[in-house]
1. Counting only residues that are of a type in the set (Val, Ile, Thr) and more than 23 Å from the chain's Cα centre (by Cα), which one in segment 220-255 is farthest from PHE144 (Cα to Cα)?
2. Across segment 147-163, what is the total count of residues that are of a type outside the set (D, E, K, R), within 12 Å of the ligand (Cβ to nearest atom) and over 15 Å from GLY127 (Cβ atoms)?
3. Out of all the residues in segment 220-239, is one or more part of a helix (DSSP H, G or I) and closer than 18 Å to ILE106 by Cβ?
4. Give the number of residues within segment 205-250 that are within 22 Å of CYS61 (Cβ to Cβ) and either aromatic (Phe, Trp, Tyr) or at pLDDT below 95 (or both).
5. How about segment 73-123: which of its residues are under 19 Å from ASP34 (Cβ atoms), polar (S, T, N, Q) and in contact with a helix residue (DSSP H, G or I) (Cβ under 8 Å, 6 or more places away or on another chain)?
6. Among the residues of segment 19-35, are any open to solvent by less than 40 Å² (accessible area, probe 1.4 Å), more than 16 Å from the ligand (Cβ to nearest atom), under 23 Å from ARG109 (Cβ atoms) and modelled with pLDDT of 95 or more?
7. When only residues in segment 119-140 that are open to solvent by less than 10 Å² (accessible area, probe 1.4 Å) and more than 11 Å from the ligand (Cβ to nearest atom) count, which is farthest from VAL152 (Cα to Cα)?
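The values are calculated or read from the model by the stated rules, or taken from the named source; none is laboratory data. These figures come from a predicted structure and were not determined experimentally. All Cβ positions, glycine included, derive from the backbone under ideal geometry; neighbour counts span all protein chains shown. Just the protein is used for accessible areas: all its heavy atoms, side chains included, with ligands, DNA and RNA removed. Shrake-Rupley method; radii C 1.70, N 1.55, O 1.52, S 1.80 Å.
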Amino acid sequence: MKKITAFIGSARKKSTYQAIQEFEKNFKQYDEFDFEYVFLSEYHLEFCQGCKLCFDRGEECCPLKDDRNILLEKMEHSDGVIFATPNYAFQVSARMKNFFDRFAYILHRPRFFGKTFTAIVTQGIFGGNDILKYLERMGANFGFYVTKGSCVSTLEPMTELQQEKLKQEIKKSSEKFYKGLIRSTPATPSFFRLMLFRMTRTSIQSFDVRYFDYYYYRDKGWFESDYYYDTSIGPIKKFMGCFFDFCGRKMVKHK
Ligand SMILES: Cc1cc2nc3c(=O)[nH]c(=O)nc-3n(C[C@H](O)[C@H](O)[C@H](O)COP(=O)(O)O)c2cc1C
C-alpha cells in the first residue's frame with residue numbers, strides 16, 4: 001500500500017488540518033492509502049545555528065540533537081509527501097520555515113526522486129499564492145515530482161460558498177497528486193531543471209576544497225550522468241545539456 005505523509009506547519013487542529021482531511025477524503029476514493037498526519041509542533045526541532053557543517057561536512061555533523069532524523073525517515077518512507085501550512089504574515093509558519101532550514105542540505109544534495117509532492121496553503125485573505133509557489137519550489141529542489149497544490153481561503157466563520165470553493169480546489173489538487181503518484185515513467189526534466197543540475201555539478205567539480213557535495217555527486221555517478229536519475233531526455237535536451245556544461249565551465253573560469 002502506498003504511503004502519503006502530510007507535514008503540517010500549524011499547531012492547531014483547525015483550518016489546515018481540515019483542508020488535509022478533505023484532501024485525504026478525496027484521495028481515498030481512488031485507492032487505499034496509508035495516510036499520516038505529522039504536526040511539526042509535536043516534534044522537537046531546534047533552530048538552525050548556521051554553522052554550515054551539514055553543507056560542508058555532511059548532515060551527520062550537525063551539532064543539534066533532536067527529531068530531525070525522525071522527520072527525514074518519514075519523508076524517505078513515503079511515496080507521496082504534502083507540505084501544508086497556514087499563511088503567517090505572507091510566509092509559511094515559523095515551524096515550517098525552521099523545518100526547511102534544518103533540511104537545507106537537501107537543497108544541495110537532492111534525493112526524493114520518484115516520490116510525488118504537493119502543497120496546501122490556508123489563509124485569511126491574501127498572500128498565499130506566493131507561499132504556494134515557494135513550497136512547490138522547495139519540493140522540486142528536494143527532488144520530488146511536484147504536482148500543482150492549492151491555496152484556500154478559510155476566513156472564519158466560513159460561508160457555505162467558501163466551503164464549496166475549498167472542496168473544489170482541494171479536489172483538483174488531489175486528482176493531480178494521484179496521477180503523479182501512479183505514473184509509471186520517471187518525469188523528464190524541464191530545460192530549467194536540466195540547466196540547474198548541469199551547472200551545479202560543474203561548479204561542485206571545480207572547487208579547490210572537496211566539500212561533502214563533491215563526494216555525494218561522485219558516489220551517485222552524477223558527474224557523468226545526463227541527469228540525477230535515468231530518464232530519456234531526447235537529442236535536443238542532450239545537446240542543451242552539453243551546452244549547459246560548457247556555460248558552467250565558462251562561468252567557473254571567470255569567477
Ligand atoms: C500570526 C498569524 C499571521 C497571519 N497572517 C496572515 C496573512 O498574512 N495573510 C492571510 O491571508 N492570513 C493570515 N493569517 C490567517 C491564517 O493564515 C488563517 O487563519 C489560517 O487558515 C490558519 O490556519 P490554522 O487554522 O490551521 O491555524 C494569519 C494568522 C496568524 C495566526
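1. VAL252
2. Number of matching residues: 3.
3. Yes, the conditions are met somewhere in segment 220-239.
4. Kept after step one, since they are within 22 Å of CYS61 (Cβ to Cβ), are these residues of segment 205-250: 207-220, 222.
Checking which are either aromatic (Phe, Trp, Tyr) or at pLDDT below 95 (or both) leaves us with 207-212, 214-217, 222.
Number satisfying all stated conditions: 11.
5. In the first step, residues of segment 73-123 are kept if they are under 19 Å from ASP34 (Cβ atoms); the result is 73-84, 112, 114-118, 120.
Still in the list and also polar (S, T, N, Q): 78, 116, 118.
Result: THR116, THR118.
6. no
7. First, pick out the residues of segment 119-140 that are open to solvent by less than 10 Å² (accessible area, probe 1.4 Å): 119-122, 128, 131-132, 135, 139.
Pick out the ones that are also more than 11 Å from the ligand (Cβ to nearest atom) and you get 119, 132, 135, 139.
On the way: ALA119: 11, LEU132: 10, LEU135: 14, GLY139: 19 Å.
Across segment 119-140, the extreme among qualifying residues is GLY139.
Each row is one residue, and each column tells you yes or no for (1) open to solvent by less than 80 Å² (accessible area, probe 1.4 Å); (2) among the hydrophobic types (A, V, I, L, M, F, W, C); (3) touching a Pro at 6+ places or on another chain (Cβ under 7 Å).
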{"position": "ARG210", "(1), (2), (3)": "no, no, no"}
{"position": "TYR214", "(1), (2), (3)": "yes, no, no"}
{"position": "ASP219", "(1), (2), (3)": "no, no, no"}
{"position": "GLU224", "(1), (2), (3)": "no, no, no"}
{"position": "TYR229", "(1), (2), (3)": "yes, no, yes"}
{"position": "PHE239", "(1), (2), (3)": "no, yes, no"}
